[in-house]
Amino acid sequence: MPFGGGNKCGCCQKTVYFAEEVQCEGKSWHKSCFRCMVCKKNLDSTTVAVHVDELYCKSCYGKKYGPKGYGFGGGAGTLSMDTGEGLGIKPEEQAPHRPTNNPNASKFAQKAAGSEVCPRCGKTVYAAEKVIGGGNSWHKGCFRCAKCGKGLESTTLADRDGEIYCKGCYAKNFGPKGFGFGQGAGALAHSQ
């Protein structure tokens, strides 16, 4: 302990006294300085992630330094539209959504030499990337609503004529129309 009362804070470089000290990675911090560098949330021993001398919450650390790509979501079934630009991450360009161009939606017509073909892109679907829905095998990246492009799960899809839709788009396009069949709490729809 240096002369003058305590160690220096890893953030503000001021003296840290025992009553306000938090230790992490062999350094001392003020409780008020022990925050995520990105979102400024207060941290504790269970939520801190350290990179070099920088403190992050586990969520921001994962966004900045964790794996990227399909299948590496925010955890616990959360969806996020955050591209990470605030963390200095360049967003990847996504390929435009393409509805199925397959005129023959029959499952048996899609079999080519014993392998399954994705009805959306027409390419072979291998076991590691296979998702089954609407009676067909799809690539994980192609398993999206034909209208809005939203990612689907087996519990959130509706199929019609060999194509898959989210429940919202299916209801709008193929559900009942007229008075009393609105899209939300007490909504009235008038279609002619």
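The values are calculated or read from the model by the stated rules, or taken from the named source; none is laboratory data. Note that the structure is predicted; figures quoted are calculated from it, not measured. Positions of Cβ are generated from backbone atoms using ideal geometry, with glycine treated the same way; all protein chains shown enter the neighbour counts. Just so you know, the surface numbers come from the protein's heavy atoms only, side chains and all, with ligands and any DNA or RNA stripped out. Shrake-Rupley method; radii C 1.70, N 1.55, O 1.52, S 1.80 Å.
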Show me, for the stretch 47-64, the HN-Hα J-couplings you get by feeding each phi into the Karplus relation (A = 6.51, B = -1.76, C = 1.60, θ = phi - 60°), rounded to Hz, glycine and proline as x. 10, 7, 9, 10, 10, 6, 10, 9, 9, 9, 6, 5, 5, 5, 4, x, 5, 7
Which percent of Cα-Cα pairs in the stretch 1-67 sits in each 5 Å bin, short to long? 3, 19, 29, 22, 14, 7, 4, 1, 0
P(r) for the stretch 130-174, please, calculated from all Cα pair distances in 10 Å bins and given in %. 32, 61, 7
Taking 44, 161 and ranking on accessible area (1.4 Å, protein atoms only), highest first, one gets 161, 44
For the pair residue 150/residue 128, report the inter-label distance in nm, with labels modelled 7 Å from Cα in the Cβ direction. 3.1 nm
Report, in debye and to the nearest 20, how large the dipole of the stretch 1-67 comes out about its Cα centre when Lys and Arg carry +1 and Asp and Glu carry -1 on their Cβ. 280 debye
For the pairs 64/150; 31/58; 27/64, flag any whose C-alpha to C-alpha distance is greater than 21 Å. 64/150; 27/64
Between the stretch 136-155 and the stretch 24-48, the Cα center-to-center distance that results, in Å: 40 Å
So if we plug the beta-carbon distance of residue 14 and residue 37 into 1/(1 + (r/R0)^6) with R0 = 22 Å, what FRET efficiency do we get, rounded to 0.05? 0.80
Out of residues 5 or more away from residue 55 or on other chains, whose amide H comes under 5 Å of its own, with H placed 1.01 Å from N in the peptide plane? 37
Place +1 on the Cβ of every Lys and Arg and -1 on the Cβ of every Asp and Glu in the stretch 1-67, take the dipole about the Cα centre, and give the residue among 24, 52, 7 whose Cα lies farthest towards its positive end. 52
